[in-house]
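Notes follow once the structure below has been shown.
The values are calculated or read from the model by the stated rules, or taken from the named source; none is laboratory data. Owing to the predicted nature of the structure, the values given are computational and were not obtained by experimental measurement. Here the Cβ positions follow ideal geometry from the backbone for every residue, glycine too, while neighbour counts run over all protein chains shown.
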Amino acid sequence: MSKNLTTKILEAHLVEGQLVPGSEISIKIDHTLLQDATGTMAMLEFIAMGLPRVKVGLAAQYIDHNLLQTDYKNADDHAFLTSAAMKFGVHLSRPGNGVSHQVHLERFGMPGITLLGADSHSPTAAGLSVLAIGAGGLDVALAMAGHPFSLPCPKVMGVKLIGRLPDWVSGKDVILEMLRRHTVAGGVGKVIEYFGPGVGTLSVTDRATIGNMGAELGATSSIFPSDDRTREFLVSQGRGDSWQSLAADEGAVYDEYDEIDLSALEPLIACPSSPDNVVPVREVAGTHVDQVIVGSSVNSSYRDLMTACRIMEGNRVAAGVHFHVNPGSRQALENVAQDGGILMLLMAGVSIHQSGCLGCIGMGQAPGTDQVSLRTFPRNFPGRSGTKGDKVYLCSPETAAASGIYGVITDPRIMGDIRPYPAVENPEKYLLDDSGIIFPLEDGSAVEIKTGPNIVPFPEFEALPESLEMGVVITLGDNVTTDHIMPAGNKVLPLRSNIPAISEHVFEQLDAEFPARARAIGNGVVIAGENYGQGSSREHAAIAPRYLGIRAKIVKSFARIHKANLVNFGIVPLVFKNPVDIGLFTQGDQISIPGIRHLVESGISEIPVVVNGRVILTLLEVSDRQRQELLAGGTLNFVRQTHS
């Protein structure tokens, strides 16, 4: 039987289970990726396992999120991560060296491997035919310890690409078209596999852009074949010996199918405040723009930056517009500099920042009140920029640069009347500089781990009780993001290693009284609608509510990573059997789940919940392994019990 590429890679890494969509499988992980916003807690979790060294093929720790050192906290975390990486055999990318998934693509990725990253945009590696999956920090820490990664076997959506992108249209417009068609929930439980003759017209960095924002579809991962374009990129990185040809078999079967004619695409833009609120740029052209940012988590490669440079060359940023460029890596910045791009930007009035996430995670670059911000970022969830009521649009570097020149949202195709399209290609050979990476020591046993006062030991969580009596702490609607649950930004991010402190910010944007109310209630439950927990992989959106006493969440549906994180920290993830039953719950109600421990232990999927004297049915859709973890009060407890 002809196989798709996703199936081939999963089969080659399968440790346990069968490749039947929805059933649990366990796969071997070749590479792991941590960044500092998730990595400090993940490293504390790895330390709690008591191992002397990582047991994965390659482990990498990136410092790319918490770059502002407004006090001691971030600097202390960086010292902790550096010393822990040296001790346990982890590659360490220093502050300013670049965004985790961008640097990993450049320096470590190779076709056919699996990567587990504590960053939801780890599937950027799809550009190199890597099956990369975002996960919570604890799952990554377990993979670092040599454990396989367990997940529901995904369906595979095959997307055939035909044609060639027109001038002024790029990879960003491809993924925006996917979001326009399929929404932020359209990829849940799926790997998006791109194939067809159009693939060969896309550079590795265009493919990486599409893979990166597959996370906004809710997809488990995305994947491209490994072809001559893949080989060219690896050769340009001095890593040509890592290349191998990989593709789906002729006539491969897919669970779902779509087709995009690249030649028919036009510049697209995601309007506030969701990545799937996509329209053609021409429909919102003329909207006043206050801020433009190119780069950061996505569209920050050499090709993207140099495209913006060429468009800005000889032009000036419009009066009243603040134009920023955030390179994705030091390598991209150095190569842009070598080709004269820095001077083009400076002469145009653009501000150039260090390589890192920065405004994408709300770490600076917040727009002003009622200002319009045009960004090449992957997300525009409400308030993620750091400004409440923000008006953030997502677009390509072409659209961003043109809009920065004219001061209004601009279809970049009008630039064609002034100059030819700058069809930038990635270099045949990059200027290479690995000075920003600390490579592992052969023996790190003598290294002393440095911990500052903001690094607090991981909290202890008790096992699941026989029955649960809970109060409804909050009721919510659809598409609640992890940014809603656990905000980012320069105030909250430095507290990632301090659960008691960061828990004070849970649901801060939606209900500032939530932490106090949760503590007063004791055992609490959260009620919500569809796609609960979409967005970032941040496990703090599970740990901090658990610290505040949340024992269950009852929703219409969960996003994959967040549901796994809830189980990891002992929060029971329940789904309404009848979605209309959500209307029976109001804030302050008392509910009970009699015999919850027996129900979980017995493998029963229908869990009765008593609310206001009425019994409704919910579903506990977890694996046998996850049931054991829930009974133990979380995965760490379970691991300690089974390996003691």
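Remarks
- Selection status of Gln102, assigned to a strand (DSSP E or B) and within 30 Å of Gly240 (Cα to Cα): no
- Hits in the stretch 593-608 - residues which are touching a Leu at 6+ places or on another chain (Cβ under 9 Å), touching a residue at least 24 places away in the same chain (Cβ under 8 Å) and surrounded by fewer than 16 Cβ atoms within 10 Å (Cβ to Cβ): Pro594, Glu601, Glu606
- Residue in the stretch 206-219 that is modelled with pLDDT of 95 or more and surrounded by fewer than 20 Cβ atoms within 10 Å (Cβ to Cβ) present: no
- Test: residue in the stretch 626-633 that is surrounded by fewer than 19 Cβ atoms within 10 Å (Cβ to Cβ), in contact with a helix residue (DSSP H, G or I) (Cβ under 7 Å, 6 or more places away or on another chain) and outside any loop (DSSP other than H, G, I, E, B): yes
- From the list Glu462, Glu428, Glu442, Glu448, the one residue that fits, being outside the structural domain of Ile521 (by TED's automatic domain parsing), touching a residue at least 12 places away in the same chain (Cβ under 8 Å), farther than 30 Å from Thr635 by Cβ and of a type outside the set (A, V, I, L, M), is Glu428.
- Selection within the stretch 470-499 - charged (D, E, K, R) and surrounded by 16 or more Cβ atoms within 10 Å (Cβ to Cβ): Asp483, Arg496
- The stretch 54-102, subset aromatic (Phe, Trp, Tyr) and closer than 29 Å to Gly112 by Cα, residue nearest to the chain's Cα centre (by Cα): Tyr62
- When the residues of the stretch 169-211 are filtered to those that are in a loop (DSSP other than H, G, I, E, B) and of a type outside the set (A, V, I, L, M), the one that is nearest to Ala252 (Cα to Cα) is Gly196.
- Where a residue in the stretch 615-644 is free of Cβ contacts under 8 Å to residues at least 60 places away in the same chain and its partner, wherever it lies, is surrounded by fewer than 18 Cβ atoms within 10 Å (Cβ to Cβ) and of a type in the set (Lys, Arg), with Cβ under 6 Å and at least six apart: Leu617/Lys577; Leu619/Lys577
- The stretch 1-35, residues that are touching a helix residue (DSSP H, G or I) at 6+ places or on another chain (Cβ under 6 Å) and either assigned to a strand (DSSP E or B) or free of Cβ contacts under 8 Å to residues at least 60 places away in the same chain (or both): Ile27, Thr32, Leu33, Leu34, Gln35
- Flag set for Gln331, criterion: crowded, with 24+ Cβ neighbours inside 10 Å, on the phi < 0 side of the Ramachandran plot and touching a Leu at 6+ places or on another chain (Cβ under 9 Å).
- Residues in the stretch 280-293 that are touching a helix residue (DSSP H, G or I) at 6+ places or on another chain (Cβ under 8 Å) and either more than 20 Å from Met178 (Cβ to Cβ) or surrounded by fewer than 18 Cβ atoms within 10 Å (Cβ to Cβ) (or both): Val289, Val292, Ile293.
- Search result, residues across the stretch 81-91 that are hydrophobic (A, V, I, L, M, F, W, C) and either surrounded by fewer than 23 Cβ atoms within 10 Å (Cβ to Cβ) or assigned to a helix (DSSP H, G or I) (or both): Leu81, Ala84, Ala85, Met86, Phe88
- Residues located in the stretch 115-148, provided they are in contact with a His (Cβ under 9 Å, 6 or more places away or on another chain) and either surrounded by fewer than 24 Cβ atoms within 10 Å (Cβ to Cβ) or not assigned by TED's automatic domain parsing to the domain that holds Leu81 (or both): Pro148
- Within the span defined as the stretch 254-267, every residue fails to be buried (at least 17 other Cβ atoms within 10 Å of the Cβ), in contact (Cβ under 8 Å) with a residue 40 or more places away in the chain and within 29 Å of Asn66 (Cα to Cα).
- Condition broken by Phe381, with the remaining ones in (1) closer than 23 Å to Asn97 by Cβ; (2) assigned to a loop (DSSP other than H, G, I, E, B); (3) hydrophobic (A, V, I, L, M, F, W, C) satisfied: (1)
- Selection status of Leu493, at pLDDT 90 or above and out of contact with any Phe, Trp or Tyr (no Cβ under 9 Å at 6 or more places or on another chain): no
- Some residue of the stretch 227-236 being without any contact (Cβ under 8 Å) to a residue 40 or more places away in the chain, in contact with a Leu (Cβ under 9 Å, 6 or more places away or on another chain), buried (at least 17 other Cβ atoms within 10 Å of the Cβ) and not in a loop (DSSP other than H, G, I, E, B): yes
- Some residue of the stretch 437-444 being hydrophobic (A, V, I, L, M, F, W, C), over 30 Å from Gln237 (Cβ atoms) and assigned to a loop (DSSP other than H, G, I, E, B): no
- Strands (runs of 3 or more DSSP E) wholly inside the stretch 250-308 containing at least 3 residues that are among the acidic types (Asp, Glu): 256-261
- Leu68 being outside the structural domain of Asn498 (by TED's automatic domain parsing), surrounded by fewer than 24 Cβ atoms within 10 Å (Cβ to Cβ) and modelled with pLDDT under 95: yes
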